[in-house]
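K.L.:
The following block contains the structure, expressed as structure tokens.
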Amino acid sequence: MTEAEMRRRLHRGNRQDFEEIVRYYTPYVMTILQNQLGTEHTEADVEDVCMDVFLALWHNRERIHSDNLRGWLVRVARNKACDLVRKKGLRTIPLEDLVVVSDDHALEGLDQKERSRMVRDALHKLGDSDREIFLRYYYYEQKINEIAGEMGMNPETVKSRLKRGREALKKILEQEGFLHAD
Amino acid sequence: MPIDIRRLLDDYEDDSVVIRERPCLNADTIVSRVMEAIPERKQRIPRKLMWMAAAVAVTCLLAGCVWVVSAIRLQQVEPGDISENELETTTELKNWEKDYSGALIEFEDAKATNLVSMTVDYLPEDDPIESYNFVTLRGELQGKGYDMTGIYLSDELLDQTYTYLCMEETGRVGPGYVIELIQSADVATRIFSLFGEVVTVKEGEFLGMEGMWLTNDPSKKTEAEATSEDAYLMNDVCHHLLLYHPTDHYVIHIAVYAERYDITELDRIAEGITIHTTDIANKPNGSCPNQSYDITPGRG
């Protein structure tokens, strides 16, 4: 079933269709959440968040017009996982993953769409492969070895290209005035 | 202010990367929990619909006699009022289930036959089919979990015949019109629920199928209906036609927005529908036991 057909079925509001959609996407959403939540959370935590994601899908089914249903689910799953991680304060952030925003209120002050546009534009200035590695690592929270396995690369290559992508993105966002230079 | 680089990606939506999913051993548990948490669709059983169904049975019986005697294809029965007397004197229904304890309308003889899809020659608007909200036969098969590598139907049949067509307006389903083909395997569990009061009805045999014409007026919703989860689905007066195929057991449901279309539009749409029958056994969640190389087009 294509994403567009999934969305059409979702709009019908039929329980049987919805159950099929949940069954189809559950392994993917669980994989995303397991990556996001890591080993600091129990399987029950992961299941609870997964359930929240699909309930959000049901309650928002009328408002979803994008055919990228998978992308919508990942975004919601990621945001819910981030909320849980922040709430529990479990994550330690490596120094290299910190960036300095140019204004204390930059994140809150920027309209969500504007921020997404800025980040998307910056990401698209990276090469395809560097962008994919960046997204796999920072968006999908895959481990270096996992990325290397899926992309058929040496883990050291992934690390060096991740570093290159990170630096390039920082530079672009600095030029945009969104980030301070380190 | 230093922040985690990941925060830059809050609310970002990616469509470029698909990661490899891991097997999910607890998928069934999650699916069950989600479905339990979703409110059940309201299954109301208006008395009026019971009258309608009973009347359909009477009409079908009469129509059947006419068919035997004349040996010609039965014509559509003229609309008629349903009286309470008819209900009281009807003890057996033909294919429309009269025990409405689980669903608004059930089909007691329904059983899984082969998968079907449809093409529609007449649509009230000239919009290209791509602008419709639709489900193709391919989508139906994939939705039912068939392994597509074992399906040898033509691309034309898979991608240009449909099980659902909906003229969508302003991003929501309706209020244009909807044509849906409910597979025989799904008929028994499908709930036809109409909000408000059913203000007009006729019934009879049409195109070799058992038909029920309804018009519902959701402005006469009960308070419980108005606050239910599904209330948004039906906000406008709509005409409906339900056609049940007595041997192939599928159901065609056509609904049109009454403010824009006359009830006769239902018949025009129905007359333009061609059903394509595959040799693929129809199971709600099963695999694909039979593949088909040969498709028999045409109405059953």
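K.L.:
Give the residue that is modelled with the lowest pLDDT, with candidates limited to residues of segment A:92-147 that are over 16 Å from B:Val17 (Cα atoms) and of a type in the set (S, T, N, Q).
P.N.:
A:Gln112
K.L.:
While we're looking at this one, here's another question. Since A:Gln36 meets every condition but one in (1) touching a Lys or Arg at 6+ places or on another chain (Cβ under 8 Å); (2) modelled with pLDDT under 90; (3) over 16 Å from B:Leu9 (Cα atoms); (4) more than 9 Å from every other protein chain (Cβ to nearest Cβ), which condition does it not meet?
P.N.:
Evaluating A:Gln36 over (1) touching a Lys or Arg at 6+ places or on another chain (Cβ under 8 Å); (2) modelled with pLDDT under 90; (3) over 16 Å from B:Leu9 (Cα atoms); (4) more than 9 Å from every other protein chain (Cβ to nearest Cβ) leaves (3) as the failure.
Table: residues versus (1) closer than 27 Å to B:Tyr162 by Cβ; (2) within 12 Å of the chain's Cα centre (by Cα); (3) modelled with pLDDT of 65 or more; (4) assigned to a strand (DSSP E or B).
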position	(1), (2), (3), (4)
B:Leu181	yes, yes, yes, yes
B:Asp186	yes, yes, yes, no
B:Val198	no, no, yes, yes
B:Glu203	yes, no, yes, yes
B:Gly211	yes, no, yes, yes
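K.L.:
Restricting the search to segment A:14-30, which residues are surrounded by 20 or more Cβ atoms within 10 Å (Cβ to Cβ), within 7 Å of another protein chain (Cβ to nearest Cβ) and under 25 Å from B:Arg6 (Cα atoms)?
P.N.:
Listed by number, the residues that qualify are A:Thr26, A:Met30.
K.L.:
Give segment A:130-156 a look and list any residue that's among the polar types (S, T, N, Q) and exposed (fewer than 14 other Cβ atoms within 10 Å of the Cβ), or say none. Spell out how you get there, then give the answer.
P.N.:
We begin by selecting, within segment A:130-156, every residue among the polar types (S, T, N, Q); these are A:142, A:145, A:154.
Hits for segment A:130-156 are A:Asn145, A:Asn154.
K.L.:
Of all the residues that make up segment B:128-171, how many are crowded, with 16+ Cβ neighbours inside 10 Å, part of a loop (DSSP other than H, G, I, E, B) and on the phi < 0 side of the Ramachandran plot? Before the answer, list the steps.
P.N.:
If we filter segment B:128-171 for residues that are crowded, with 16+ Cβ neighbours inside 10 Å, which is where we start, we get B:132-146, B:151, B:153, B:157-158, B:161-168.
If we keep only those that are part of a loop (DSSP other than H, G, I, E, B) too, we end up with B:132, B:144-146, B:151, B:153, B:161.
When the remaining residues are screened for being on the phi < 0 side of the Ramachandran plot, the result is B:132, B:144, B:146, B:151, B:153, B:161.
Of the residues in segment B:128-171, 6 are crowded, with 16+ Cβ neighbours inside 10 Å, part of a loop (DSSP other than H, G, I, E, B) and on the phi < 0 side of the Ramachandran plot.
K.L.:
So, in segment A:39-53, of the ones that are touching a Leu at 6+ places or on another chain (Cβ under 8 Å) and not acidic (Asp, Glu), which residue ends up farthest from the other protein chains (Cβ to nearest Cβ)?
P.N.:
Once the filter is applied, the top-ranked residue is A:His41.
K.L.:
Select, from A:Thr2, A:Thr26, the only residue that is hydroxyl-bearing (Ser, Thr, Tyr) and farther than 25 Å from A:Tyr138 by Cα.
P.N.:
A:Thr2
K.L.:
Within segment B:248-266, can you find the residues that are within 17 Å of the chain's Cα centre (by Cα) and not acidic (Asp, Glu)?
P.N.:
As a first pass, look at segment B:248-266 and keep what is within 17 Å of the chain's Cα centre (by Cα): B:248-257, B:266.
B:His249, B:Tyr250, B:Val251, B:Ile252, B:His253, B:Ile254, B:Ala255, B:Val256, B:Tyr257, B:Leu266 - these are the residues of segment B:248-266 that are within 17 Å of the chain's Cα centre (by Cα) and not acidic (Asp, Glu).
K.L.:
Which residue is nearest to B:Ile269 (Cα to Cα), if the candidates are limited to segment B:110-150 and must be among the acidic types (Asp, Glu) and more than 14 Å from every other protein chain (Cβ to nearest Cβ)? Spell out how you get there, then give the answer.
P.N.:
So the first thing to find is which residues in segment B:110-150 are among the acidic types (Asp, Glu), and the list is B:121, B:125-127, B:130, B:140, B:147.
So of that shortlist, the ones also more than 14 Å from every other protein chain (Cβ to nearest Cβ) come out as B:121, B:125-127.
Numbers: B:Asp121: 8, B:Glu125: 11, B:Asp126: 13, B:Asp127: 15 Å.
The extreme case among them is B:Asp121.
K.L.:
What's the total number of residues in segment A:1-13 that are at the interface with chain B (Cβ under 8 Å from one of its Cβ atoms) and crowded, with 18+ Cβ neighbours inside 10 Å?
P.N.:
Our first condition is that a residue be at the interface with chain B (Cβ under 8 Å from one of its Cβ atoms); within segment A:1-13, this holds for A:1-2, A:5, A:8-9, A:11-13.
Narrowing further to those that are crowded, with 18+ Cβ neighbours inside 10 Å: A:1, A:5, A:8-9, A:11-12.
Residues flagged as at the interface with chain B (Cβ under 8 Å from one of its Cβ atoms) and crowded, with 18+ Cβ neighbours inside 10 Å within segment A:1-13 amount to 6.
The values are calculated or read from the model by the stated rules, or taken from the named source; none is laboratory data. Keep in mind that what you see is a predicted model, and the values were worked out from it rather than measured. With ideal geometry, Cβ positions are generated from the backbone for all residues, glycine too; neighbour counts draw on all protein chains shown.
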